[in-house]
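The values are calculated or read from the model by the stated rules, or taken from the named source; none is laboratory data. Keep in mind it's a predicted model, so treat the numbers as computed, not measured. Ideal geometry is used to build each Cβ from the backbone, glycine not excepted, and the neighbour counts take in all protein chains shown.
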Amino acid sequence: MRITLPYGHGQLNVDLDADAQRIARLEPRRSAVDPIRLALAAPIGSPPLHSLLHNGQSIVIVTSDITRPCPTHLMLPPIMEELALAGIPDGDVTVVFGLGTHRAHTLEEHAQLVGPEMLARLRCVDSDPAQMVSVGTTSRGTPVEVFRPVLEADVRIALGNVEPHYFAGYSGGAKAIVPGVCSANTIQHNHAMMVEPNACAGVLDGNPVREDIEEGASLVGIDFILNVILDSEHRVVMAAAGHPVEAHRWACRAVDYLSKVAVEQLADVVLVSAGGFPKDINVYQAQKALDSAAAAVRPGGVIVWVAECAEGLGNAVFEEWLVGADPDDILARIQRQFVLGGHKAAAMARVLKRASVFLVSALPPDVVSECGMTPYSNVESALQDALAQSGLDSFVVILPEGASVLVPQEIA
């Protein structure tokens, strides 16, 4: 057996007789690091998860629904290893998918989210608006009403992925609980703060939505979080585990390093993708990519928006507010009265007032037109028309992952 050893700027080789000697090679595990297990082995602001638990406790693991790219199927097995170290049997564990105000899952979607093995091992349920329990009110007046099985568990573990969020600063952290497994009443009050100046992507300190989320979640209690950061192929590139705020803040700083981009000048044309499924499952979810595009485009420019939206507009209230409405009227309406669902229409209205939006999607053309956008079935035609409108010498910015990119607001 030839052994190679680093030596100065080069290396030395030595031969050992593998038949004559017993040989053990001891090396650090850097060459095959699993970010999730590394995060669990070195939690931030918390002891290891298994040391927080003991046999006899009931465990709830709260995770994202089908509209989020959170890779629950990759995160659950290492979590279950930690629970096994503490002597927790599978029967004492429930996985809760935080629906917020989204639709319920099918059984096939449950299997897709957690994987067939975990679905067979664990009880998996959607949060249910009919089973909400009040736990108090935040200092900003948000009534916190949470899914009863989450509240009644002895231990709450929250999973999520972290990326810029257009009014909560970043996704992840306590957001799994508020709004994830809370009532529409809770979500309505919390999201109403999105109209305040500091409620924007990349802002945590002084962000009323994020601060209210974390205060509300503290009334419920989170014992441990596991958050991941994904690349464009939905692979886990980094992870953070531990304290619900400290670990989340570490992940946000990592997202800043990975996701903050700068443009040399505002673009005449921005070509932006929502990031594919599940981020473009419907217009309601795909909208998040428009904020990054709007921050990069000049007033009066063109945004070519690529989002399949196979499930249509995605929300009845959103549709009622957006279809056939003038952007100025939508913005005036949200100022008069905040309505959940209408808030997404208001976010789109702000973009439509800044730039023309050419939408490449699977939506019927008349629906796109009624939403104030220009419909296209292919990106080539949309980009060609955008350049014709802006000029062939236009400055073009391309955002392949619009929902995962943070364009600093000061650029705009």
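Tallying residues that are assigned to a loop (DSSP other than H, G, I, E, B) and farther than 25 Å from R103 by Cα within region 345-375 yields 3.
Being under 25 Å from P278 (Cβ atoms), among the acidic types (D, E), surrounded by fewer than 19 Cβ atoms within 10 Å (Cβ to Cβ) and touching a strand residue (DSSP E or B) at 6+ places or on another chain (Cβ under 8 Å) is a property that holds for D231. Scanning region 291-344 for residues that are in a loop (DSSP other than H, G, I, E, B), more than 26 Å from the chain's Cα centre (by Cα), of a type outside the set (A, V, I, L, M, F, W, C) and more than 17 Å from M193 (Cα to Cα) returns G324, D326. Being closer than 29 Å to S51 by Cα, buried (at least 17 other Cβ atoms within 10 Å of the Cβ) and of a type in the set (S, T, Y): is that true of T67 here? For T67, the condition - closer than 29 Å to S51 by Cα, buried (at least 17 other Cβ atoms within 10 Å of the Cβ) and of a type in the set (S, T, Y) - is not met. Filtering region 384-399 to residues that are out of contact with any helix residue (DSSP H, G or I) (no Cβ under 9 Å at 6 or more places or on another chain), in a loop (DSSP other than H, G, I, E, B) and surrounded by 14 or more Cβ atoms within 10 Å (Cβ to Cβ) leaves only F395.
Modelled with pLDDT of 85 or more and surrounded by 10 or more Cβ atoms within 10 Å (Cβ to Cβ): is that true of I3 in this structure? So I3 fails the test.
Going through (1) surrounded by fewer than 19 Cβ atoms within 10 Å (Cβ to Cβ); (2) farther than 27 Å from P77 by Cα; (3) under 13 Å from the mean Cα position of the chain (by Cα) one by one, Y166 falls short only on (1).
Residue count for region 82-128 under the criterion of being assigned to a helix (DSSP H, G or I) and hydroxyl-bearing (S, T, Y): the result is 0. Among the numbered conditions (1) in contact (Cβ under 8 Å) with a residue 60 or more places away in the chain; (2) of a type in the set (D, E, K, R); (3) surrounded by fewer than 16 Cβ atoms within 10 Å (Cβ to Cβ), the only one that D366 does not meet is (1).
Every condition in (1) out of contact with any Cys (no Cβ under 9 Å at 6 or more places or on another chain); (2) of a type outside the set (F, W, Y); (3) within 19 Å of S139 (Cα to Cα) is met by N207 except one, and the failing one is (1). One residue alone among V379, V405 is surrounded by fewer than 17 Cβ atoms within 10 Å (Cβ to Cβ), closer than 14 Å to L271 by Cα, in contact (Cβ under 8 Å) with a residue 12 or more places away in the chain and not assigned by TED's automatic domain parsing to the domain that holds D231, and that residue is V379. V96: at pLDDT 95 or above, aliphatic (A, V, I, L, M) and touching a Phe, Trp or Tyr at 6+ places or on another chain (Cβ under 7 Å), yes or no? So V96 passes the test. Exactly one residue out of I61, I79 is assigned to a strand (DSSP E or B) and in contact with a Leu (Cβ under 9 Å, 6 or more places away or on another chain), and it is I61. With respect to D154, determine if the residue is farther than 30 Å from E196 by Cα, assigned by TED's automatic domain parsing to the domain that holds V96 and either surrounded by fewer than 16 Cβ atoms within 10 Å (Cβ to Cβ) or of a type in the set (S, T, Y) (or both). So D154 fits the description; yes. If you take just the strands (runs of 3 or more DSSP E) that sit entirely in region 137-245, which of them hold at least 1 residues that are out of contact with any Asp or Glu (no Cβ under 9 Å at 6 or more places or on another chain), under 20 Å from D256 (Cα atoms) and of a type in the set (G, A, S)? The qualifying strands (runs of 3 or more DSSP E) are 155-161, 236-242. Quick check on A176: is it surrounded by 21 or more Cβ atoms within 10 Å (Cβ to Cβ) and in contact (Cβ under 8 Å) with a residue 40 or more places away in the chain? The answer is yes for A176.
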